[in-house]
Amino acid sequence: MGADRRLRVAYHFLSPSAWAAVEHPIDRDWSGYSALAIAVGDYASGNRMSVELVDARGAVWTAPLASGTWREAPVPFATFVPGAAGAGSLDLITLRALRVRLRPAPGGAGSGFIDIGGIRLAGGRGLLGPSVYVVAPLYAGEPWDPVARAVAAQGFTAVHLMPLDLTISHGDAIAAFHRAGLRVALAIHPTTDFHAYHARPDWRQRMLNGGSRFDWRVYLCPAHDGVRRHVAERVTALLASDPYDAVAFVEPWLEVWGGPGADNPQHGYYACIAEPMRQRFRRVHGADPLALFEARNGSYRLRPDVSGTRLYQQWVEFRAQVLAEFLAQVALAARRARPGIPVMVTHLADARIAGEEGRAREYLGQDLEVVLRTVRPEAVILETAWQDWLQSGLPPTYVRDYARAYRRLVNGRARTLVLPDVGSIVARPPAWVRDMAASVRQAGLDGYVLFSWDVSAANPRVRRSVDGFEQGVHSWQAMGEQMEGRIARTGDARVGSSAAHVVFGPKTPWAWAAVQTPLDWGPVWARQGYTTLAMWVRAGTIGYEVAVELLDSGGRAWRAPLPLETTAWQKISLPLAGFRGGGPVPVQHLAWLRFVADGPSRGPGAEFWVDQIQLEREP
């Protein structure tokens, strides 16, 4: 309830023992805060007012409120007292309700009204309180203050803001979160930088299949001196321009889970055998690590006779050391730019992966002991394994297993937090999150960071960005038959600083061309009930036939025409119910978004600009 909104409650006492109360349910973790701030007024002053908290056992905890004119007053949780003996301590994680109660007092008015409003949490614990990831590009073009207020209202005390593009300042977002009382960590994937990846091909990692991309990420080689300097300089620049409160290294690993052996279907994505890695290894160990691998079917794989050799063990240790040294160099730059700034490092926690416990070191180059010694982070964030994220029946107590496995290893050298997923794969309801939070506290962990606000069931957003092109067009690919399709980043934008420029043509009968991008959030979009695909479009050529297609993972397509009617920017809204295909659009199974030009017509083709593609629903 905001300070600018008031609930007016009329009362009429019929006896000295009468009372009146207003109750509001609580469905979130309040443990990150030390007080309530309540704006309340009894305009027939003289009666007794109190605020009550009802815990999970039904026990009522009470603190007095000052009666009189409208004002906001802090009510520390430490001042609440139980209504009965033996209630223990006030558990702020599992509260069920808040009440404001009014009782008559001698000389007080028998009737009147009270105003209640501005109930908010105060005195946050910052980075050690309940925290959540926020992926900045998903909010392109939106004001940040409503986002920040919504996050704070859910009991979070900090956000890990993921810019994805290290060239973009997010000072406006940070200011909004600070106004809402939240701390902000700069959350970066240290080896992923789309601009550097395309500008400097010599900086790229080399995987066993010759590539340097996996899933949505592109990868730079952590052994390359240029990469190390570049990332350190970008972090230094961001800390100079934006008032971040911490730096967090997100998923700083080398692919791929399962390792480089032929028994792993994804072994081709194992990294990194780029020349800088090979040169460093040769200097240290006098051997080329490529000798560990054999070429098969256009890719390399681990030779079956070397997995237990000393050379392979040296290679495993070397990968972990290279990663840790890279992180240490970036951490040093951050600390020089902002003395005292906390550094947080994510570690893929493998303690619950049956039969592969402890394999993150071999597969991903993640050695927590080496990181603790080399990087000396203020906090370690234990990212729970993706195998857990996939489980629909995952018990919220599962975080205790990670505490048992890692608390002794960390041994007080850093704060230890845990990172569960709450919706990118399986939706976790608020009750599950609160039970998980209780398990975090019981296990002796220092806190948690949820992934992520963008997919959380608590997120009230009525629109979600699909692509705002602030990171360019790296995820898009062109294709065609007897016709060319091109897409490029442009500064001629309607929202933010970047848009996409699309050209199809020239057109001959039945030739076709398309540009398309993968979609990753179908299950989330389906759960959140989005009904419309919207985008800003302006035409370079008017009247040519272009369509928007949505494709599922099996290649089935649903199509709607894209009007190119004006050279001025206009917002186009395409209801999903209007897409034509084999029945309703299966939002949860969508895999691709495509712009396509085809059909029997002839002409010079089509040219248009597109910006801020997003899904929308009714509020």
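Summary table
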| item | result |
| --- | --- |
| Criterion (assigned by TED's automatic domain parsing to the domain that holds Trp521 and crowded, with 18+ Cβ neighbours inside 10 Å) met by exactly one of Gly423, Gly447, Gly491, Gly485 | Gly485 |
| Close pairs (7 angstrom Cβ cut-off, 6 or more residues apart or separate chains): more than 10 Å from Ala271 (Cβ to Cβ) in the range 204-224, of a type in the set (Lys, Arg) anywhere | Leu220/Arg204; Ala223/Arg280 |
| Matching entry among Arg434, Arg463, Arg441, Arg428 (being basic (Lys, Arg) and under 22 Å from Asp165 (Cβ atoms)) | Arg463 |
| Lone qualifier among Ala78, Ala85 - being touching a residue at least 12 places away in the same chain (Cβ under 8 Å) and either more than 35 Å from the chain's Cα centre (by Cα) or not in a strand (DSSP E or B) (or both) | Ala78 |
| Residue identified as in contact with a strand residue (DSSP E or B) (Cβ under 9 Å, 6 or more places away or on another chain), surrounded by fewer than 18 Cβ atoms within 10 Å (Cβ to Cβ), in the same structural domain as Arg494 (by TED's automatic domain parsing) and in a strand (DSSP E or B) among Trp592, Trp536, Trp558 | Trp592 |
| Selection status of Val231, in contact with a Pro (Cβ under 8 Å, 6 or more places away or on another chain) and within 30 Å of Arg125 (Cβ to Cβ) | yes |
| Index of the failed condition, Ser553 passing every other in (1) within 23 Å of His501 (Cα to Cα); (2) under 28 Å from the mean Cα position of the chain (by Cα) | (1) |
| The range 412-431: number of residues that are at pLDDT below 95 and over 23 Å from Val135 (Cβ atoms) | 1 |
| Test: residue in the range 142-159 that is under 14 Å from the mean Cα position of the chain (by Cα), part of a loop (DSSP other than H, G, I, E, B) and on the phi < 0 side of the Ramachandran plot | yes |
| Those residues of the range 287-307 which are assigned to a helix (DSSP H, G or I) and either surrounded by 15 or more Cβ atoms within 10 Å (Cβ to Cβ) or within 37 Å of the chain's Cα centre (by Cα) (or both), in sequence order | Pro289, Leu290, Leu292 |
| Pairs with Cβ under 8 Å, 6+ apart, first in the range 145-159 and more than 16 Å from Leu92 (Cβ to Cβ), second crowded, with 24+ Cβ neighbours inside 10 Å and polar (S, T, N, Q) | Ala158/Ser131; Val159/Ser131 |
| Gly117 being at pLDDT below 85, touching a His at 6+ places or on another chain (Cβ under 9 Å) and not in a helix (DSSP H, G or I) | no |
| Failed criterion for Ser299 (all others in (1) modelled with pLDDT under 95; (2) farther than 24 Å from His224 by Cβ hold) | (2) |
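The values are calculated or read from the model by the stated rules, or taken from the named source; none is laboratory data. These numbers come from a predicted model, not from an experiment. Because the Cβ atoms are built from the backbone with ideal geometry, glycine has one as well, and the counts that use them run over all protein chains shown.
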